[in-house]
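First comes the structure, then the notes that go with it.
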Amino acid sequence: MIIKMLLLIFARASLQASTPSSTTYEAGVVEFNYGSLVNMTSQQMLDVNLKQYIEFMNDASSSLDIIVFPEGTLNTILTATEILESEDEIAPCINPNYVNNNLLKLISCSAQEHNRYVVINVITKAKCPDTEMILNDDPRNCDDTRDGFSYYNTNIVFNRVGVIISSYRKYHLFGEGLDKPHKPALVTFDTDFGVTFGHFICFDMHFRYPAVELVRAHKVTDIIFTSKWFSELPFLTAVQVQQYWAHSLDVNLLAAGANFPRVASTGSGIYGGNKGAYIAEMSSINKSKLYTAKVHKKILQNEAIKIEHKLTRYTKDEMKSLDIWRDQLDVYDIQFLNDTDGLYFITKNICNNTLCCDIKVNYTIKNSATKPHYQYAIAFYFGNRTFSGIVETGVAACAIIGCPRRDIASCGTRDESLENIHEWNLIEINGEFPMRNDQYFYMPSTLDDNILPLQPELFEYNVVSGRKDGINVVMKLNKDVDNLLTFGIWGRDFSDESDKASGSACILVLVVVCVLVLLRLM
């Protein structure tokens with residue numbers, strides 16, 4: 001069996017697009033629509049989705065080295081699959097222990113046929129206790145499981161000959177009603193083109209472990225991110241977060257997002273760290289699409305690299321069909337700017353006991369202020385927020401944000417009928433932020449009225465020395481901009497995390513999330 005696998009690898013080597021000596025590798029991420037399948041049974045959903053996954057594999061260029069599919073768009077807990085443990089590296093494609101229609105077998109065969117790495121996200125099940133539970137001294141009582149199995153939200157990685165070489169179980173659940181690993185795992189895998197990838201899933205991106213620590217402690221330069229993200233204004237829309245998370249850590253990021261715009265779910269892209277996006281899109285319609293790019297290897301540290309940004313833009317009318325959720329802004333310090341005709345130069349200093357921001361703003365009113373238009377405000381906050389009652393986290397923000405009306409309740413919403421009458425000539429934010437024991441993470445955060453982030457050439461973002469337990473973060477606008485919704489600094493405080501969901505509570509949250517989604521569809 002091993003000899004057969006080696007022969008297969010040798011036979012396909014000449015077709016391989018990238019090698020360790022290549023300066024780039026070719027990557028693809030799939031944004032996959034799941035909105036049209038909500039009325040199907042779990043088995044029907046699996047059959048339809050799996051067929052489309054294979055079609056994406058078949059249609060992709062033969063030069064594609066790696067393809068990534070998003071979170072939560074292949075199977076459900078009712079069609080959960082097992083990863084059969086084996087001491088030998090045997091591809092499910094040729095492993096007789098996998099039945100012919102097993103999803104892992106079919107994906108494995110497709111990876112082998114097309115000679116590329118494949119990353120999928122599936123619901124897996126494992127007999128309780130499994131090897132990972134035993135190794136991590138997981139204290140759960142297996143007698144409490146519904147059928148003797150544990151169920152996980154799992155990334156699975158196949159190499160070019162269809163062997164499963166890596167898997168990761170999501171740690172920070174978002175109401176999935178699944179089991180949570182005892183500890184967050186820092187998972188990486190090596191490729192034959194000389195790049196080591198780390199990978200994690202959706203809500204994990206908000207946390208130190210595993211997301212930030214993969215880069216800070218393990219020096220991983222390339223990250224795979226599978227997600228079913230629900231966007232929020234003004235700081236947490238999908239592409240906005242993807243691009244600036246990668247920017248702040250200066251890593252390549254392959255981000256595959258689930259697509260269902262009517263419930264705020266969309267956003268995929270490929271990013272080159274602080275060089276910006278190779279390609280990205282926030283979709284306003286139901287669709288599935290493969291995005292590809294030749295990604296420069298970060299391990300080569302070539303600062304002269306220039307990236308051509310390919311961002312799909314829709315008109316305001318087209319963007320109306322993209323629903324977006326609202327951040328918890330009512331607890332923020334919101335100070336509205338003057339919007340009467342004229343030229344304004346404003347300097348503000350805002351502080352609390354932990355964080356200070358100096359803000360300089362220079363803007364011109366281009367047209368008559370009597371036209372319906374966005375109002376702008378300084379948004380300042382350092383404190384906690386919750387996500388659907390699941391997790392309470394610490395956040396920090398200092399930014400200029402657009403609000404449809406001159407009241408806080410409208411901030412974090414948008415109105416596509418409004419005019420853009422402000423031309424921003426200067427925005428400079430100098431923040432003094434805490435940074436004790438790596439328990440904080442900050443990034444630039446911008447957004448235009450196409451729900452896309454500004455590319456790096458339009459602003460400067462620098463972290464400079466600060467006080468002993470803090471840092472200074474400086475962010476400046478480089479060019480005049482007239483369609484801003486967000487411009488500032490947003491960050492996370494990891495020092496006091498409390499995950500409140502487990503067991504039946506997870507299932508309750510899942511019900512709440514489902515009700516919210518259904519209400520948005522009515």
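Below are the figures for this structure:
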item	result
Selection count where residues are outside any helix (DSSP H, G or I), out of contact with any strand residue (DSSP E or B) (no Cβ under 7 Å at 6 or more places or on another chain) and more than 23 Å from CYS93 (Cα to Cα), scope the stretch 131-161	9
Residue within the stretch 76-96 that is modelled with pLDDT of 95 or more, out of contact with any Asp or Glu (no Cβ under 8 Å at 6 or more places or on another chain) and under 25 Å from ILE270 (Cβ atoms) present	no
Matching entry among GLY389, GLY383 (being in contact with a helix residue (DSSP H, G or I) (Cβ under 9 Å, 6 or more places away or on another chain), touching a residue at least 60 places away in the same chain (Cβ under 8 Å) and surrounded by fewer than 22 Cβ atoms within 10 Å (Cβ to Cβ))	GLY389
Test: residue in the stretch 410-422 that is at pLDDT below 95 and part of a strand (DSSP E or B)	yes
Single match in LEU253, LEU249, LEU300, LEU233 (criterion: open to solvent by 20 Å² or more (accessible area, probe 1.4 Å), at pLDDT 95 or above and at negative phi)	LEU249
Any hit, the stretch 131-142, residues being among the aliphatic types (A, V, I, L, M), modelled with pLDDT of 95 or more and open to solvent by less than 30 Å² (accessible area, probe 1.4 Å)	no
Per-region count, the stretch 281-340, residues without any contact (Cβ under 8 Å) to a residue 40 or more places away in the chain and over 20 Å from the mean Cα position of the chain (by Cα)	11
Among the candidates ILE401, ILE365, ILE429, residue that is farther than 29 Å from ARG216 by Cα and either in contact with a helix residue (DSSP H, G or I) (Cβ under 8 Å, 6 or more places away or on another chain) or at pLDDT 95 or above (or both)	ILE401
Subset of the stretch 475-496 (residues that are at pLDDT 95 or above, within 20 Å of TRP245 (Cα to Cα) and surrounded by fewer than 17 Cβ atoms within 10 Å (Cβ to Cβ))	LYS476
Checking LYS183 against (1) at pLDDT 95 or above; (2) farther than 21 Å from PHE230 by Cβ, the condition it does not meet	(1)
Where PHE197 falls short, out of the listed (1) hydrophobic (A, V, I, L, M, F, W, C); (2) open to solvent by less than 10 Å² (accessible area, probe 1.4 Å); (3) in a helix (DSSP H, G or I); (4) farther than 29 Å from ARG326 by Cβ	(3)
Residue in the stretch 211-223 that is of a type in the set (Gly, Ala, Ser) and open to solvent by less than 10 Å² (accessible area, probe 1.4 Å) present	yes
Unique residue being outside any loop (DSSP other than H, G, I, E, B) and either open to solvent by less than 30 Å² (accessible area, probe 1.4 Å) or of a type in the set (A, V, I, L, M, F, W, C) (or both) when the list is TYR363, TYR344	TYR363
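The values are calculated or read from the model by the stated rules, or taken from the named source; none is laboratory data. Given the structure is predicted, the values throughout are model-derived calculations rather than measurements. Neighbour counts run over all protein chains shown; Cβ positions are idealised from the backbone, glycine included. In case anyone asks, the SASA skips ligands and DNA or RNA and just uses the protein heavy atoms, side chains included. Shrake-Rupley method; radii C 1.70, N 1.55, O 1.52, S 1.80 Å.
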